[in-house]
1. Quick one: dipole size for the chain, taken about the Cα centre, charges +1 on Lys/Arg Cβ and -1 on Asp/Glu Cβ, in debye to the nearest 20.
2. Tell me, what ³J(HN,Hα) does each residue in the stretch 27-35 have, in order and in whole Hz, if you take phi through Karplus 6.51 cos²θ - 1.76 cosθ + 1.60 with θ = phi - 60° and put x for Gly and Pro?
3. Does anything in the stretch 137-151 have its amide N under 11 Å from the 7 Å Cα→Cβ label point of residue 198, and if so which residues?
4. Applying the Karplus parametrisation 6.51 cos²θ - 1.76 cosθ + 1.60 with θ = phi - 60° to the phi angles of the stretch 220-236, what ³J(HN,Hα) value in whole Hz is obtained for each residue in order, glycine and proline being reported as x?
5. Would you pull out the residues with amide H under 5 Å of residue 236's amide H, same chain only if 5 or more places away, H placed 1.01 Å from N?
6. Looking only at 128, 136, 73, which one moves most when the chain is put into a Gaussian network model with springs between Cα atoms under 10 Å?
7. Provide, for q = 0.11 Å⁻¹, the log10 of I(q)/I(0) from a solvent-free Debye sum over equal Cα point scatterers in the chain.
8. Given only helices, namely DSSP H runs of n ≥ 4 each adding -39500 (n - 2.57), what is the per-residue ellipticity at 222 nm of the chain, to the nearest 500 deg cm²/dmol?
Amino acid sequence: MALIECRFYSDTLGLSTSMTVILPQQTTTQIGMSNTVRESALHPTLYLLHGLSDDDSIWLRRTSIERYVADMGLAVVMPSVHRSFYTDMAWGGRYWSFISEELPALARSFFPLSPKREDNFVAGLSMGGYGAMKLGLRRPDAYAAAASLSGALDMAHNYINEEDPSVKSKEYEMIFGTEDIAGTDEDLLSLLTKVDAASGPKPLLYQCCGTEDFLYADNQRFREACKATSLSLTYEEGPGTHEWGYWDAKIQDVLKWLPLK
């Protein structure tokens, strides 16, 4: 595998940013690794998204993602979006526009990545699980599958202070603004029904969460909302909290689940 730490300028964000990229490389003499490159000149691609406190390096530092994809012929693009929730922030950067439009176009201009829908997938953990599902549901034309690991999947519910609905987290106000996001394109539960009712392609969905995770209730609400639609959801739960041992294990399940051609 080739590992590339790519620093570049984003016109959408108006600043320099970074992504970490794993590219397939055919090798025959590398000890302990079996690397594969597919026949196509353009690689199928997994966009792998980080959580709230992390950056584009974290999946590589906390898991063995490079080793896991070595024999799959799969490129992995890991961008950095700070604490944006993959959203065009009310007071901040246009991170939704960046992640959904500019980043894939730039990545394909830098690297030999396939633009075909059937070759593109997205996954993420925690905040990145929200971002992955939002990409899959808002851009079903661009992604064949979306996976969430311990995702923050019900932000419309989390956005509300249950003791006083008029009081909202200042950080959430910076991201989503002062109005409730229920029913908008920032609300994944609402997006499920919109995608289900729309014509056109539907993404395959994968969701997992530990039963001791503080986001377990979020995941239950998303699962129940998805069950009310015709969308295909693979759901897994079991013992686990919000930590890297769980995600290192489950990303391997996600890779096995991906509908690679």
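1. Numbers: 23 positive and 35 negative charges, 193 e Å.
Computed about the Cα centre, the dipole is about 920 debye.
2. Karplus values, whole Hz, x for Gly and Pro: 9, 10, 10, 6, 6, x, 9, 10, 9.
3. Counting only backbone N, you get 137-143.
4. The phi angles translate into 5, 5, 5, 4, 5, 5, 5, 5, 7, 10, 9, 5, 8, 10, 9, 10, 9 Hz.
5. Sorted by chain and number, the residues that satisfy this are 207, 208, 209.
6. 73
7. -0.57
8. Working: 9 runs with 77 residues, N = 261.
Computed ellipticity for the chain at 222 nm equals -8000 deg cm²/dmol.
Rule-based calculations on the coordinates, nothing more; no lab input. Just so you know, these numbers come straight off a predicted model, no measurement behind them. Cβ atoms come from the backbone with ideal geometry, glycine included; neighbour counts cover every protein chain shown.
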